[in-house]
Amino acid sequence: MRCNEFYDALSLYFDGELDEAGINEMLDHIRECDECRKAYEDYEKLKTIFESIDDEPLPENGHEKIMSAVRNAGKQPKSKLGKTAFKFNKKFAGIAAVVVVVILVGFAAANGFFRAGSSAPKSADYAVAEGAYDYKSAAAYDEPMESNAMTQEAPMAMEDAIETEEAVAFDEEARESVSSLNENTAADTAVEESAKESSSDRLIIRDLYARIEVENYDETVSKLENIAKAYGGYVQDSSVWEDTYYNEYSVKNGEIVLRIPKEHYETVKNGISALGKVYEENESSTDVTAQYVDTEGRLKALRTEQDRLMEILEKCETVEDLITVEERLSQVRADIEVYQNMLNNWDRLVQLSTFRISISEKVPAKVHTKLGFSDRMSDEFVYGLNNFIEGWQNFAVWLAGSFLAIIVIIVIIIIIIKIIKWHLRKRKEKMENMYKE
Amino acid sequence: MNNVENGHELLVKLAKKGKMEAFESLVRLNETKIYNICLRMLGNKDDALDASQDTFIKAYKNISKFDERSKFSTWLYRIAVNTSLDMLRKNKSINTVSMDDVKENSLGAYEKMPSPEGNPESITLENEGKAEVLSAMEKLSEEYKTALVLRDLQGLSYIEISRITDTSLGTVKSRIARGRRNLREILTGGNVMSLKGGDLN
């Protein structure tokens, strides 16, 4: 062991992190090296000194000072965060105000849209368009205002990039202050909330299956797509097929799978049932809290093991040890990945509710009514005739399409036949010659 | 340990809902530790109290971002360390001692160091020793000081330190080892210990 390594070992030794082999090696080195023995003694002294240093008590009124600082910070968000933030605020207070107004207008627009969406879910399309319009107009309005404020409040020449960057920063700041305002009001109702807490903390996966009949398949699907978009979800899957009745009426059937943030579950559910006649509706909710917590625990244990193994790995002396530890480590890592994926998957499933909607288009009333004998006879006759004609037409079309291939095949067949004939003739000639002899 | 953490968990949850009483309990449970970390990092009581205040303000504002799967105290220590480091960087008056200067005469000075064992002087020396060690700690570079404050003064585990400082376990180990080595060199080479020892003799 060299002196440099010795210091590392010594440090670990005093923390009880050195294994036996390391300790022996260290002690061997102390016997040989005077300088390092002194270091060892010094470290012992240092250790006792460190142990004698106790935590000092908080200065008088320390707790009160801390708490009053925290309370002030809670009341006036951002004001305590240092000089730079304050300056910034004052300088661009005008813009901040404008941004807040814009955000409020945005919220109002969003609220209006959500109200429209829930009270009249039938006109989801319209509501979406309206919402989009509101947002657009708000954005359009806000731009010139913002740049005006910019030029008034901050007359210094500024590059466009900086301008927008700062506007964005402000946007965030304003949002934060809005949310901290919300937090304050939340503090007042905290007591009631804490009672509800246990139920809101459950991790529940909510799924809905619905079978609905609608007038127009395509329209319904586009409505559903808009709903998904409007509530921050997406269409995960969709399939469609067509059914034909009496070769005349065709209706579309299909299935569409939506993923919608759980907050909007009820709203979207109502919206779906308003789209058409609901034949079937199944809701299922799975509580995965227990499994989630369990998996989390396992993950935690695995992480601890991983850390420990890493520690051991660094101390490994022989190649065999190294391999054994490395093997276990990779196993642990693989397990960690699996459990982490499970957690992530649950997070996703809990966050986004799944709506599986089976849609069938209404079959025209005509098809449902029973037809008389003569009607059925004529229908069937026309149907058969049509089939016959169609069959020949199809054949003609097929011929037209594949005439080249047919010609090639015919040529090949002719050639083969010629070859065979030629062969037969040759044999015959041979035989005749034999007889002649 | 576990019970304390469990108590923390509930308090953290309530504090997240904006309940000030819960947050105050969290402050009460952790303020001495936080104050002492700041004190050892910064070296004076006024700065330490300021840094503690800032730490709890930051914690209060960002408690919604705290991931409940991790330990609350670790999170808080991390804020305290970072706040202290920021403050240290602002207070440029604090000197750092170049280790190279110290190394040269370290050995010679160390020879004169008296042994503190057994005799009545050793107690005095140990008392003196505390102040010397603490003032020597202040001369360490940021990383070493942080590592030693957390390990030797607060008695935290390597893993916890690696989480607080957001570094690997290997880095923590080497910082602690080098930090102690530097500390010893400051104490011996800077003639601090030997001078006091000489007075006593």
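Listed values, structure above:
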{"quantity": "Residue match in the stretch A:414-421 (condition: more than 30 Å from residue A:291 (Cα to Cα), at pLDDT 85 or above and either in contact with a Phe, Trp or Tyr (Cβ under 6 Å, 6 or more places away or on another chain) or not aliphatic (A, V, I, L, M) (or both))", "calculated": "yes"}
{"quantity": "Pairs with Cβ under 9 Å, 6+ apart, first in the stretch A:1-28 and in a helix (DSSP H, G or I), second buried (at least 20 other Cβ atoms within 10 Å of the Cβ) and of a type in the set (Val, Ile, Thr)", "calculated": "A:11/B:176; A:12/B:176"}
{"quantity": "Subset of the stretch A:305-342 [among the hydrophobic types (A, V, I, L, M, F, W, C), closer than 23 Å to residue B:158 by Cβ and assigned to a helix (DSSP H, G or I)]", "calculated": "A:309, A:310, A:312, A:313, A:322, A:325, A:329, A:332, A:336"}
{"quantity": "Residue satisfying condition, being in contact with a strand residue (DSSP E or B) (Cβ under 9 Å, 6 or more places away or on another chain), part of a loop (DSSP other than H, G, I, E, B) and not hydroxyl-bearing (Ser, Thr, Tyr), within set A:258, A:275", "calculated": "A:275"}
{"quantity": "Residue in the stretch A:288-305 that is in contact (Cβ under 8 Å) with a residue 60 or more places away in the chain and either loosely packed, with under 13 Cβ neighbours inside 10 Å or not assigned by TED's automatic domain parsing to the domain that holds residue A:250 (or both) present", "calculated": "no"}
{"quantity": "Criterion (touching a Ser or Thr at 6+ places or on another chain (Cβ under 6 Å), more than 16 Å from residue A:354 (Cα to Cα) and touching a residue at least 60 places away in the same chain (Cβ under 8 Å)) met by exactly one of A:253, A:216", "calculated": "A:253"}
{"quantity": "Entirely in the stretch B:126-189, the helices (runs of 4 or more DSSP H) that have 3 or more residues that are of a type outside the set (D, E, K, R) and more than 13 Å from the chain's Cα centre (by Cα)", "calculated": "B:158-165, B:169-189"}
{"quantity": "Residues of the stretch A:52-73 classified as closer than 13 Å to residue B:46 by Cα and touching a Ser or Thr at 6+ places or on another chain (Cβ under 7 Å), total", "calculated": "2"}
{"quantity": "Positions within the stretch A:64-77 being surrounded by fewer than 18 Cβ atoms within 10 Å (Cβ to Cβ) and facing chain B (nearest Cβ under 8 Å), in sequence order", "calculated": "A:65, A:71"}
{"quantity": "Pair list, Cβ < 6 Å and 6+ apart or interchain, from the stretch B:28-52 residues that are in contact (Cβ under 8 Å) with a residue 60 or more places away in the chain to residues that are assigned to a helix (DSSP H, G or I)", "calculated": "B:37/B:80; B:40/B:149; B:40/B:153; B:41/B:84; B:41/B:149; B:43/B:138"}
{"quantity": "Residues within the stretch A:49-59 that are in a helix (DSSP H, G or I) and more than 7 Å from chain B (Cβ to nearest Cβ), tallied", "calculated": "1"}
{"quantity": "Residue check for residue A:380: within 54 Å of the chain's Cα centre (by Cα) and over 30 Å from residue A:236 (Cα atoms)", "calculated": "yes"}
{"quantity": "Number of the exception - residue A:96 against (1) more than 14 Å from chain B (Cβ to nearest Cβ); (2) at pLDDT 80 or above; (3) surrounded by 17 or more Cβ atoms within 10 Å (Cβ to Cβ)", "calculated": "(2)"}
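The values are calculated or read from the model by the stated rules, or taken from the named source; none is laboratory data. Just so it is clear, the model here is predicted, and its values are computed rather than measured. Please note: Cβ atoms are built from the backbone with ideal geometry, for glycine as well, and neighbour counts cover all protein chains shown.
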